[in-house]
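Worksheet: the structure to be examined is printed underneath.
The values are calculated or read from the model by the stated rules, or taken from the named source; none is laboratory data. Here the structure is a predicted model, which is why all the values come from computation and not from measurement. Cβ atoms come from the backbone with ideal geometry, glycine included; neighbour counts cover every protein chain shown. Only protein heavy atoms, including side chains, enter the accessible area calculation; ligands, DNA and RNA are left aside. Shrake-Rupley method; radii C 1.70, N 1.55, O 1.52, S 1.80 Å.
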Amino acid sequence: MTPILSIQDLSYAYAQKPVLTNVQFEMGQGDFVAVIGPNGGGKSTFIKLIMGLIQPDSGTIRLFGEPVESGRRLVGYLPQFQNVDLDYPILVEEVVLMSLLQGNWLRSIRRKDRQLAWDVLEKVGILHLKDRPLSALSGGEKQRVFLARALVNQPKLLILDEPTTSVDIQAEQSLYRLLQDLHQSLAILMVSHDLSAVSQLVNKIACLNQKMVFHQTKELTAQDLEEVYGCPVALIAHGVPHHHLESHG
Amino acid sequence: MAELLSYPFFQNALLIGLLCSLVCGVIGSFVVVKRMSFISGSIAHAAFGGLGLSYWLGFNPLLGAMGFGFLSALLMGMIRFRFRQQEDALIGALWAVGMSIGVICISLGSGYAGDLFGYLFGSILLTSDSDLLLMVLLNILVLGAVGYFYYPLVAITFDEDYASVLNLPVMALYLGLLELVTLTVIMLLKVVGTILVIALLTLPASAAANWTARLRVMMMVSVGIGAVSTVGGIFLATFLNFPPGPVIIFVCSLFYVASLLIHSKD
């Protein structure tokens, strides 16, 4: 069976500094993978490469066996929404409707299309906010709007870049529950720096700090983590927190 | 007042003012939400270079302005996508170069200072029927394009990265938007002149942005503010014997100040 995402020998440098070096990665249907690693370890770059927002220096990325530019139509993408203009005068349902331009960007968006947006807003639990301006929502609510936008085209893979930054702890917990539900019907790839939370949620964990360590399981050895974080870290089975035993070198 | 309204030049001025408010409110809203006022100002000043060149060589200044405007918009769009690091400095340089070419060329021409003043601060009371016809055509073109490409334009101005993930032709759309800004700037040159173009483009939309959180409403409100400011400004300037361009901008700025003092987005 074709993997839904396969990455071979991926390297990327920014301003002559290597960000990712020779990364191998693969995930299949039904996977829920978390990519963890220190800040600046290349996690967001990894996601941007997969979404085709930046081009690799070398290596190949295939989505559903296709090049990124065509395969990404089957991917729902949740960016770090601090990068989005949150003051933009736009209503919640309009944010979701924008996604319908995929595949035919000259199509017009009609009243009857709104039902599609409403269905997915209901799925993520914020249908009641559909006529509110995006700028008036809380962090957690905004997160759900962008999640609805990612889901409206019925993707087979959902890719989330640090979905819990700038949302409060309660919103974080309910987001995780929602992701668990969504995992029933699609594969999920999530970037996070929150090890303890994701280890309960996912079935595979990859560690990324310029190089990737990924065993197709969520078991990580102390050696794995030390290699990725560049410092000794405490390891509790399944909990996988990131306690420093010594200060970073 | 009735007597004033019976003069064709005054009727032309009012009609052109209203037509300009229409494109200005719509395009100005995109300029404000996408934070393109610097790039728009630079297009206006680059267009001034073309204005000066055609004035010197003796052909229609609007054609010169359009040529320079289109080219500079294209160039600045490319700069934005290819040389993002130096975007700010390069756009600032184009601004200054356009301005200097314009002033040099105008000084090489007849040297009549009144013309220079008109290009810099507008000359809405000195328009012809052909100006009016051109304004009508430009209005149809700009508003038609925005109507046809409305959703893609919203998509790229709201979230460019996501638009490219959706496989929208982001760069082509952005360049297209810049050319629409150019057409709008060319129209506004006649009304308020090179130096005040950005103010007319951004003040009504910025005021509207403080009163609504819907882009369509923002456009309509800025059209309204623009219309009141141009018509009011033209009357006020005529009665006070002031230059109309600066008076129009002053009225606009009153709306903006009001929106800062009293604002509610619901």
statement: As straight-line cross-link partners of A:Lys112, the qualifying lysines (C-alpha separation under 16 Å, not fewer than 8 residues apart within one chain) are A:Lys130
- prompt: In µm²/s, what is D for the range A:1-71 at 25 °C and 0.890 mPa s, where D = kT/(6 pi eta Rh) by Stokes-Einstein and Rh is the Kirkwood radius from Cα pairs?
  reply: 195
query: Which distance in nm do the two modelled labels at B:Asp161 and B:Leu63 give, with both placed 7 Å along the Cα-to-Cβ direction?
result: 4.6
message: Students often forget the sequence filter, so: which aspartates and glutamates lie under 16 Å Cα-Cα from B:Lys34 once same-chain residues fewer than 8 apart are removed?
response: A:Asp85, A:Asp87, B:Glu87, B:Asp88, B:Asp159, B:Glu160, B:Asp161, B:Glu179
field: Net length gained if the chain between B:Asn241 and B:Val97 were fully extended (0.36 nm per residue, minus Cα distance)
entry: 48.5 nm
query: Counting pairs of Cα atoms in the range A:161-227, how many percent are more than 21 Å apart?
result: 27
- request: Report, largest value first, the span of the C-alpha coordinates of the range A:5-229 along each principal axis, in whole Å.
  value: 53, 38, 33
- prompt: Once the range B:85-146 is represented by equal point scatterers at the alpha-carbon sites, with solvent omitted, what log10 I(q)/I(0) does the Debye formula produce at q = 0.15 Å⁻¹?
  reply: -0.78
task: Could you check which residue among A:Met51, A:Met98, A:Met190 shows the biggest mean-square fluctuation in a GNM of chain A with a 10 Å Cα cutoff?
output: A:Met98
R0 of 45 Å, Cβ-Cβ distance B:Asp88-B:Asp129: FRET efficiency to nearest 0.05: 0.60
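What net charge is computed for the residues neighbouring A:Leu178, neighbours being all others with C-beta under 14 Å from the C-beta of A:Leu178, Lys and Arg scored +1, Asp and Glu -1? Can you show the working numbers first?
Working: positive: A:Lys123, A:Arg144, A:Arg177; negative: A:Glu122, A:Glu141, A:Glu172, A:Asp181.
Surrounding charge for A:Leu178 is -1.
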query: Tell me, what are the semi-axes, in whole angstrom and largest first, of the equivalent ellipsoid of the range B:23-85 as set by the roots of 5 times the Cα gyration tensor eigenvalues?
result: 24, 15, 8
field: Length-normalised contact order for chain B - Cα pairs under 8 Å, 6+ apart - percent
entry: 30
- prompt: Mind checking which of A:Leu175, A:Leu101, A:Leu220 has the largest fluctuation in a GNM of chain A, springs on alpha carbons under 10 Å?
  reply: A:Leu101
query: Looking at chain B, do any whole DSSP H helices span at least 18 angstrom along their long axis by alpha carbon and average 1.6 or above on Kyte-Doolittle, and which?
result: B:8-33, B:87-108, B:129-148, B:170-209, B:215-240, B:244-261
- line: By the Kirkwood definition, with r running over pairs of different Cα atoms, the protein assembly as shown has a hydrodynamic radius in Å of 25.5
- request: Tell me which residues come under 5 Å, amide H to amide H, from A:Gly76 once H is placed; ignore anything under 5 positions away on its chain.
  value: A:Lys156, A:Leu157, A:Leu158, A:Ile159
query: Which of these, B:Ala89, B:Ala47, B:Ala13, has the largest mean-square fluctuation under a Gaussian network model of chain B (Cα springs below 10 Å)?
result: B:Ala89
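Given charges of +1 on the Cβ of Lys and Arg and -1 on the Cβ of Asp and Glu, with all other atoms neutral, how large is the dipole of the range A:5-229 about its Cα centre, in debye to the nearest 20?
740
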message: How long are the semi-axes of the equivalent ellipsoid of the range B:140-266, taking √(5λ) for every eigenvalue λ of the Cα gyration tensor, in whole Å from largest down?
response: 30, 18, 11
- prompt: What is the spin-label model distance, in nm, from A:Gln82 to A:Gln216 if the labels are put 7 Å beyond Cα along the C-beta direction?
  reply: 3.6
- request: For the range B:1-146, report the convex hull volume of the alpha-carbon atoms normalised per residue, in Å³, without decimals.
  value: 123
field: Normalised contact order of chain A, rounded percent, pairs of Cα under 8 Å and 6 or more residues apart
entry: 24
- request: Give, in nm to one decimal, the length gained when the segment between A:Ser174 and A:Arg107 is fully stretched (0.36 nm per residue of separation minus the Cα-Cα distance).
  value: 20.6 nm
- request: Could you run the Karplus curve 6.51 cos²θ - 1.76 cosθ + 1.60 with θ = phi - 60° over the range A:18-28 and give me ³J(HN,Hα) per residue in whole Hz, x for Gly and Pro?
  value: x, 9, 10, 10, 6, 7, 10, 7, 8, 9, x
task: Return the Rg/Rh value of the range A:120-209, two decimal places, where both radii are evaluated on C-alpha atoms and Rh is the Kirkwood radius.
output: 0.95
- prompt: Could you give P(r) for chain B, binned at 10 Å from zero, as whole percent values over all Cα-Cα pairs?
  reply: 7, 30, 36, 21, 5, 1
field: 1.4 Å probe, heavy atoms, protein only - residues of the range B:131-154 losing at least 50 Å² accessible area vs chain alone
entry: B:Tyr151
task: Give the relative contact order (percent, whole number) for the range A:4-95; include only Cα pairs under 8 Å separated by 6+ residues.
output: 30
Shielding score for B:161-173, defined as the mean number of other chain Cβ atoms within 10 Å: 6
